[in-house]
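The values are calculated or read from the model by the stated rules, or taken from the named source; none is laboratory data. This structure is a prediction, so every number in the text was calculated from the model and none was measured. As a convention, Cβ positions derive from the backbone with ideal geometry for all residues, glycine included, and neighbour counts pool all protein chains shown. Heads up: the accessible areas ignore ligands, DNA and RNA and are worked out on the full protein's heavy atoms, side chains in. Shrake-Rupley method; radii C 1.70, N 1.55, O 1.52, S 1.80 Å.
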Amino acid sequence: MDRLKRDVYERELYRLQIELVKLQEWVRETGARLVVVFEGRDAAGKGSAIKRITEHLNPRVARIVALPAPSERERTQWYFQRYVTHLPAAGEIVLLDRSWYNRAGVERVMGYCTPEEHRLFLRQCPLFERMLVEEGILLRKYWFSVSDAEQERRFRKRLDDPLKRWKLSPMDLESLTRWEDYSRAKDEMMVHTDIAESPWYVVEGDDKRRARVNMIAHLLSTVDYQEVTPPEITLPHRPPSRGYQRTARTLQREVPDRAGELDVQSG
């Protein structure tokens, strides 16, 4: 499949981001609660999709939750407990960059949980998600897929990119050598957790542009939101000056004009 052309992508992404703002305002106005779960292969495009979704949204309404490894105390809690505290209140959207499905993926493959803990998760997860849906939470789950060749290409590209080198963790490198283990774990997870109340939706991620457009368009199609009429806003007239004088610049610490140095260098 050919890569989606940039101009087509940017035009459609802009349209979708306008709709995301409408969705945000509907969530805020109606008190809805929306949870979007992002799971999938390493380097499949989850993070970049989240960035495009939140780019123009209010961070007080739409927040990203990306939890670190559990603390020693959290390891003794009910497994879902630390995720419950991050669920949305009325008028909020929560985007989970990885979620409780860590137990079905990395913990299962890397041996961070016991077989008994894994089996318990597969039994409890559908019950947990049904409870969320019965509570009125809008729950959406996306699995980002990527081919083994494309994943390796992206990993190699990160090696040479100083802005993305930090994304290559030892866990990412393990995913290269455990490709089939992760595939089997994903298949088993979906057998147990792809339920009618909260189904999985697979996003093909070899073309990141297509993946973002497809995922966002689908998310919007699953929520019956309405455009909220914004209140009328009129800019007030600025009142005349009452004699205020700005403090002398010599009394303040100004940021050095690095941009001016660049102008001189390029001249």
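Would you mind stating whether Gly45 is among the small types (Gly, Ala, Ser), crowded, with 20+ Cβ neighbours inside 10 Å and closer than 24 Å to Ser198 by Cβ? So Gly45 passes the test. Here Trp78 clears all of (1) outside any helix (DSSP H, G or I); (2) over 30 Å from Pro231 (Cβ atoms); (3) open to solvent by less than 70 Å² (accessible area, probe 1.4 Å) except the condition numbered (3). Across segment 204-233, which residue is surrounded by the fewest Cβ atoms within 10 Å (Cβ to Cβ) among those that are more than 15 Å from the chain's Cα centre (by Cα) and within 15 Å of Gly40 (Cα to Cα)? In this case the residue turns out to be Glu204. On inspection, Glu19 does not qualify as within 29 Å of Asp194 (Cβ to Cβ), touching a Gly at 6+ places or on another chain (Cβ under 8 Å) and either surrounded by 13 or more Cβ atoms within 10 Å (Cβ to Cβ) or without any contact (Cβ under 8 Å) to a residue 60 or more places away in the chain (or both). Residues in segment 96-123 that are touching a Leu at 6+ places or on another chain (Cβ under 9 Å) and in contact (Cβ under 8 Å) with a residue 60 or more places away in the chain: Leu96, Arg98, Ser99, Ala104. Checking each residue in segment 173-188 for being closer than 12 Å to Met110 by Cβ and either open to solvent by less than 50 Å² (accessible area, probe 1.4 Å) or in contact with an Asp or Glu (Cβ under 8 Å, 6 or more places away or on another chain) (or both) picks out Ser175, Tyr182, Ala185.
Within the option set Glu129, Glu180, being under 30 Å from Asp224 (Cα atoms), out of contact with any Phe, Trp or Tyr (no Cβ under 8 Å at 6 or more places or on another chain) and of a type in the set (Asp, Glu) holds for one residue only, Glu129. Considering Arg154, Arg158, the condition of being among the charged types (D, E, K, R), in contact with a helix residue (DSSP H, G or I) (Cβ under 7 Å, 6 or more places away or on another chain), surrounded by 15 or more Cβ atoms within 10 Å (Cβ to Cβ) and over 27 Å from Glu25 (Cβ atoms) is satisfied by Arg158 alone. The number of residues in segment 190-203 that are surrounded by fewer than 20 Cβ atoms within 10 Å (Cβ to Cβ), aliphatic (A, V, I, L, M) and under 12 Å from Phe144 (Cα atoms) comes to 1. Pairing each residue of segment 140-156 that is farther than 9 Å from Val202 by Cα with any residue that is in a helix (DSSP H, G or I) and open to solvent by 70 Å² or more (accessible area, probe 1.4 Å), provided the two are 6+ apart or on different chains, yields C-beta distances under 9 Å for Phe155/Leu173. Can you work out which of the residues in segment 48-66 that are without any contact (Cβ under 8 Å) to a residue 60 or more places away in the chain and open to solvent by less than 50 Å² (accessible area, probe 1.4 Å) is nearest to the chain's Cα centre (by Cα)? Per the criteria, the residue is Ile50.
Per the conditions (1) over 19 Å from the mean Cα position of the chain (by Cα); (2) of a type outside the set (Gly, Ala, Ser); (3) within 16 Å of Arg98 (Cβ to Cβ), the sole criterion not satisfied by Arg156 is (3).
The number of residues in segment 92-149 being within 14 Å of Met189 (Cα to Cα), open to solvent by 10 Å² or more (accessible area, probe 1.4 Å), outside any helix (DSSP H, G or I) and of a type outside the set (Phe, Trp, Tyr) comes to 2. Scanning segment 165-186 for residues being of a type in the set (Phe, Trp, Tyr) and closer than 22 Å to Trp100 by Cβ gives a total of 1.
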